[in-house]
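Colleague: Take a look at the following structure, please.
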Amino acid sequence: MRTPLVAGNWKMNKTVEQACPLVAAMLSGLQAIPNVERVLCPPFTALMPVSAMLDGSGIQLGAQNLFWEASGAYTGEISAEMVKEFCQFVILGHSERRQYFNETDEGINRKVKASLEVGLTPIVCVGETLTENEAGETFQVVTRQLRLGLQGLNAEQVVRIVIAYEPVWAIGSGRAASKEDASAVIGGVIRAALKSSFGNEVAEAVRILYGGSVNGDNAAEYFSQPDIDGALVGGASLKAEEFLQIVKAAGE
Ligand code: PEP
């Protein structure tokens, strides 16, 4: 049995002054929902105050990125060890980072390894663009991102990661993938690829989330699919009531 997981990706939103009231508005509601791993991923600047608010709550914290080197002359970057001071999770390979910051599968692979080395759980994002989708290339794109992103990992490491299938065209667009299409990629492509590379036991243990315009109204549809183990939520994670509705749906 895989424990459902819902992570809120706040992206570049909320100052510390804005982040704390948002956490306060959802904290007791989140705590009251059992059997779901609940993760908040605010921007770097809010990690420290939010981690203090979450202390002892059972709600976990994630960063939205890190750099693979351990330390040194990398101005503006943050290491896995630094993230681990506050967080249990880190989102890696988000399509916005691939698109705007030229992140490559090879670089994402190095970040995955750096995260695992310090005991962080990476949430590794994969997903095709609209052009790739319309060209019928979803299978090839997702398989390549997965193969290169997880290159060199052993089975023991792979069971510690979480994968998020986020079709790029569904992110922030209000145009969510249908539950059937999401499930076909998550079960038929991602879990199948994990099975052929790492064996059935690993494939059955890894949690795979759907992300892309998930909201309070459509979340339950995704969670009704046996292969979908939760959601990575962007816009709707900035609204306390809506995020709670999504997490509740994952617990039901
Ligand atoms: C995301 O940023 O990971 C995401 C899924 O965004 P949204 O829910 O807003 O589509």
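Colleague: Near the ligand (Cβ under 10 Å from one of its atoms) and in contact with a strand residue (DSSP E or B) (Cβ under 7 Å, 6 or more places away or on another chain) - does that describe any residue in region 215-231?
Modeller: yes
Colleague: Within region 132-144, track down each residue that is part of a helix (DSSP H, G or I) and open to solvent by 50 Å² or more (accessible area, probe 1.4 Å).
Modeller: The answer is 133, 134, 139, 140, 144.
Colleague: Being more than 21 Å from residue 146 (Cβ to Cβ) and touching a residue at least 60 places away in the same chain (Cβ under 8 Å) is the filter here, so list the residues in region 167-189 that pass it.
Modeller: Listed by number, the list holds a single entry, 172.
Colleague: Here is a further query. Might you check whether a residue that is closer than 27 Å to residue 198 by Cα, within 14 Å of the ligand (Cβ to nearest atom) and open to solvent by 10 Å² or more (accessible area, probe 1.4 Å) occurs anywhere in region 60-70?
Modeller: Yes, region 60-70 contains a residue that is closer than 27 Å to residue 198 by Cα, within 14 Å of the ligand (Cβ to nearest atom) and open to solvent by 10 Å² or more (accessible area, probe 1.4 Å).
Colleague: Here is a list: 211, 216. Which entry is touching a residue at least 60 places away in the same chain (Cβ under 8 Å) and closer than 24 Å to residue 10 by Cα?
Modeller: Every option except 211 fails the conditions.
Colleague: Hey, any hits in region 76-94 for a residue that's out of contact with any strand residue (DSSP E or B) (no Cβ under 7 Å at 6 or more places or on another chain), hydrophobic (A, V, I, L, M, F, W, C) and open to solvent by 70 Å² or more (accessible area, probe 1.4 Å)?
Modeller: yes
Colleague: Look at residue 114 and say whether it is buried (at least 21 other Cβ atoms within 10 Å of the Cβ), more than 14 Å from the chain's Cα centre (by Cα) and touching a residue at least 24 places away in the same chain (Cβ under 8 Å).
Modeller: Numbers: buried (at least 21 other Cβ atoms within 10 Å of the Cβ): yes; more than 14 Å from the chain's Cα centre (by Cα): yes; touching a residue at least 24 places away in the same chain (Cβ under 8 Å): yes.
Answer is yes for this residue.
Colleague: Could you check region 1-13 and list, in sequence order, the residues that are open to solvent by less than 70 Å² (accessible area, probe 1.4 Å), away from the ligand (no atom under 11 Å from the Cβ) and in a loop (DSSP other than H, G, I, E, B)?
Modeller: Hits for region 1-13 are 2, 3, 4.
The values are calculated or read from the model by the stated rules, or taken from the named source; none is laboratory data. As the structure is a prediction and not an experimental result, all values here were calculated from the model. A quick note on method: Cβ atoms are made from the backbone with ideal geometry, for glycine too, and the neighbour counts reach across all protein chains shown. Heads up: the accessible areas ignore ligands, DNA and RNA and are worked out on the full protein's heavy atoms, side chains in. Shrake-Rupley method; radii C 1.70, N 1.55, O 1.52, S 1.80 Å.
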